[in-house]
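Notes follow once the structure below has been shown.
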């Protein structure tokens with residue numbers, strides 16, 4: 001008789017965003033005329049840039065002619081895209097990578113989830129609370145022991161290691177989802193030193209790096225000395241270039257991380273060549289176009305658009321005297337709601353027609369907080385904030 | 001100190017096809033003028049059909065306009081594609097599926113590898129020998145006990161369960177990779193009855209179903225009575241529509257498989273919503289076009305082209321009196337080489353400039369056998385067979 005993975009019993013019943021979608025749907029069915037503005041899920045609304053679309057069309061055409069058709073590509077991605085990502089890192093962060101350290105994928109969510117396969121079940125995982133639910137769920141699925149480190153108003157939702165911190169795998173997300181808080185270089189250095197000292201690995205989620213405007217803040221963990229021997233970085237084109245529905249991300253595994261003489265880079269290569277068959281050629285050509293100077297300028301315009309929305313939300317909260325983090329170097333605004341998060345969710349939905357994300361969905365420390373995102377249109381964000389102001393003034 | 005997944009130590013050093021590629025590359029570097037014809041990896045060479053390319057271009061354009069832009073889609077795929085796959089099953093196999101049973105993905109390799117996450121490590125896995133290496137490697141990575149069932153000349157490389165067969169998870173691949181052998185309905189019924197009796201799950205790989213020409217042979221395991229309570233089916237557009245570089249597949253998990261009251265369908269949904277973010281919208285539109293009547297007719301023409309190549313190879317082997325399976329309902333020809341498989345690999349490469357795949361790369365029972373594929377061009381296949389004939393006559 002086949003035995004199931006019993007760790008699934010320890011998962012919370014439904015994935016956070018699916019749960020929110022269901023709640024909105026039910027409300028809409030009961031109130032068909034309700035005009036709901038979604039400042040909830042972190043999905044983008046701006047279309048792909050012209051440069052990217054042209055690259056996608058060109059690659060599609062190539063696939064239709066025998067001379068330019070492409071079959072299986074390398075599982076870790078095409079050299080043309082690895083090269084562009086390498087240049088991007090150099091330009092954007094000053095970090096020098098080798099092509100063999102860059103693994104192209106269908107997105108950071110897959111890689112963040114799958115990467116933990118390389119580790120034994122018997123490891124302690126340090127996860128900040130609140131945080132993106134995928135870190136927690138994928139480790140619960142593997143039956144690993146999880147230790148939460150608390151984010152709160154006192155530490156600006158940027159927890160740091162102290163004397164009591166013990167663990168083998170550390171998740172960090174900066175700019176953070178959901179709080180929008182960003183670690184400084186000095187703060188990240190504390191984590192890197194901790195990891196190198198303990199022989200721990202940092203899984204660094206940089207999905208929102210392109211929203212950083214403050215040049216003193218690190219956009220990659222590899223800007224920090226010592227990170228090459230202890231950190232893996234996940235990044236995505238979802239927010240950088242509006243690829244949430246186009247699916248492309250990349251993971252940086254330095255050649256320098258050796259664990260008892262075993263290369264983590266080679267293990268990930270083996271995992272990917274065995275259980276993955278690469279990202280679609282067409283999509284990789286689209287991704288390549290993101291990193292050209294013309295392509296990146298177009299993406300930056302979209303990012304600026306969302307940054308303006310974040311400002312609209314932030315200034316409303318400022319006016320109302322509501323405490324929050326994020327909104328400057330991040331598309332997320334994390335506000336203190338002074339009541340149960342789901343209660344606030346229902347209040348906003350029912351009284352203002354605004355859908356947001358309850359902080360408690362991101363962990364225990366998120367209760368009493370609420371996430372709004374800057375990804376809707378300017379017009380809808382303004383309208384939502386007019387309603388918000390009316391409700392709380 | 002972080003602990004690695006020690007099961008990786010039990011993997012063979014390199015993935016089969018990567019190993020072959022390296023060997024060919026080394027030979028080519030030593031012999032720059034060598035004209036090597038690859039009848040090795042199962043990659044297609046015919047371009048995407050016009051219908052598919054047009055759909056990809058149209059979807060690319062849609063992504064460039066705010067009104068038609070798509071962000072995150074459901075992880076399990078768009079309804080428009082699930083609907084087409086549902087219709088395809090009805091038309092092609094007579095099997096009636098629910099949309100909720102169809103999970104769209106970036107390809108069967110990912111799904112076959114990831115699906116075993118749903119099962120406990122403590123299960124015995126039955127794997128036919130020889131077989132596609134991904135089944136073995138992904139279970140070694142999880143530390144599961146593997147039992148091999150022997151394919152050989154006597155059983156036509158179609159092993160069946162007997163009194164001594166014991167196991168919880170059974171991999172079947174029909175038409176088989178690498179042997180090209182296809183189970184009959186009666187043979188598959190023996191496996192389905194075995195699984196239902198033992199409480200085992202069959203993981204059925206149908207990636208080559210579109211090559212079946214004999215209408216009495218099953219193209220889906222769900223054509224077999226009782227399969228809905230014990231089988232999961234993986235399929236791919238790689239060979240059906242030349243999607244090896246375009247990446248789209250699908251997995252069928254019937255609602256009827258319940259294990260101790262737990263739905264395998266709901267577990268897979270949870271796995272996919274947690275660790276996957278769906279297949280690119282553009283690619284799903286391309287896949288949709290495969291299943292329209294015009295689109296499918298175009299794909300069938302390409303399949304016929306490869307089937308002609310298979311015939312060219314088969315008739316050469318017939319002429320030389322070499323024993324083989326496959327080649328009729330499959331793009332693979334599995335021949336008896338009467339020597340060590342890697343020795344035959346070197347012989348073919350060095351004396352005829354033909355790259356094939358050593359049978360031993362697919363398992364112990366594959367030694368003494370060799371795989372050729374029908375995926376090259378007609379011209380190159382003919383040229384390869386001229387050289388082959390000259391070598392062995």
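Could you tell me the center-to-center distance, by alpha carbons, between region A:116-130 and region A:213-276 in angstrom? After rounding, the separation between the Cα centres reads 16 Å. As a rough guide to protection, the peptides A:314-324, A:21-31, A:128-138, A:381-391 ranked by mean Cβ packing within 10 Å, highest first, stand as A:128-138, A:381-391, A:314-324, A:21-31.
Let me make sure I get this right: for region B:249-393, a, b and c are the square roots of the gyration tensor eigenvalues over alpha carbons, sorted descending. Under 1.5 in a/c it's rounded, otherwise prolate if a/b > b/c, else oblate. Which is it? Prolate, since a/c reaches 1.5 and a/b exceeds b/c. Using the average count of surrounding beta-carbon atoms within 10 Å as a protection proxy, the listed peptides A:210-220, B:186-196 rank, highest first, as B:186-196, A:210-220.
Restricting to the protein assembly as shown, what percent of DSSP beta bridges are antiparallel, rounded to 5? Roughly 50 percent of the DSSP beta bridges within the protein assembly as shown come out antiparallel. Classify region A:162-307 as rounded, prolate or oblate, taking a ≥ b ≥ c as the square roots of the eigenvalues of its Cα gyration tensor: rounded when a/c is under 1.5, otherwise prolate if a/b is larger than b/c and oblate if not. Note, shape of region A:162-307 comes out oblate. The three principal axes of the C-alpha atoms in region A:1-116 carry coordinate ranges of 54, 48, 39 Å, sorted with the longest axis first. The Cα center of region A:22-49 and the Cα center of region B:136-201 differ in position by 47 Å. Only Cα pairs under 8 Å and at least 6 apart count here; give the relative contact order of region A:72-111 as a rounded whole percent. Normalised by residue count, the contact order of region A:72-111 is 45 percent. Label separation (residue A:364 vs residue B:193): 5.5 nm, computed from points 7 Å beyond Cα along the C-beta direction. Applying 1/(1 + (r/R0)^6) with r as the Cβ-Cβ distance of residue A:293 and residue A:215 and R0 = 25 angstrom yields a FRET efficiency of 0.85.
Legend: calculated FRET efficiency, residue B:319 to residue B:378, from the Cβ-Cβ distance at R0 = 22 Å, rounded to 0.05, equals 0.75.
Averaged over peptide A:202-213, the number of partner chain Cβ atoms lying within 10 Å of each residue's Cβ comes to 0. Counting Cβ atoms of other protein chains within 10 Å of each residue's Cβ and taking the mean over peptide B:277-289 gives 5.
Translational diffusion of region B:326-379, estimated by Stokes-Einstein from the Kirkwood radius over alpha carbon pairs at 10 °C in a medium of 1.306 mPa s, is 140 µm² per second. Remark: C-alpha extents of region A:107-172 on the principal axes read 34, 26, 14 Å, sorted largest to smallest.
Rg over Rh for the protein assembly as shown works out to 0.98, both radii taken from alpha-carbon positions and Rh defined as the Kirkwood radius.
Here residue B:9 and residue B:343 are evaluated by their C-beta separation; at R0 = 30 Å the FRET efficiency comes out at 0.60. Going by a ≥ b ≥ c, the root eigenvalues of the Cα gyration tensor, does region B:225-325 fall in the rounded group (a/c under 1.5), the prolate group (a/b larger than b/c) or the oblate group? Taking the square roots of the gyration eigenvalues as a ≥ b ≥ c, region B:225-325 is oblate. Between region B:364-380 and region A:80-111, the C-alpha centres lie 36 angstrom from each other.
Each label point was placed 7 Å from the Cα along the Cα-to-Cβ direction; for residue B:83 and residue A:336 their separation is 5.0 nm.
Ellipticity at 222 nm from helices only: DSSP H runs of n ≥ 4 in chain A, each -39500 (n - 2.57), divided by the residue count, give -12500 deg cm²/dmol.
Counting only other chain Cβ atoms within 10 Å of each residue's Cβ, the peptide B:2-12 averages 6.
Over all pairs of distinct alpha carbons, what does the Kirkwood formula give as the hydrodynamic radius of region B:51-293, in Å? After inverting the mean inverse Cα-Cα distance, the result is 18.5 Å. Computed packing ranks the peptides A:92-98, A:164-170 as A:164-170, A:92-98, most packed first, by mean other Cβ atoms within 10 Å. The per residue volume of the convex hull around the alpha-carbon atoms of region A:34-191 is 203 Å³.
So in chain B, what percent of DSSP beta bridges are antiparallel if you round to the nearest 5? Around 50 percent antiparallel, to the nearest 5. Approximating the spin labels as points 7 Å out from Cα along Cα→Cβ, the residue A:184-to-residue B:120 distance works out to 5.2 nm.
Quick note: the coordinates plus some simple rules give every number you see, no bench work behind them. Predicted model, so just to flag it, every value in this text is computed and none were measured. Cβ atoms come from the backbone with ideal geometry, glycine included; neighbour counts cover every protein chain shown.
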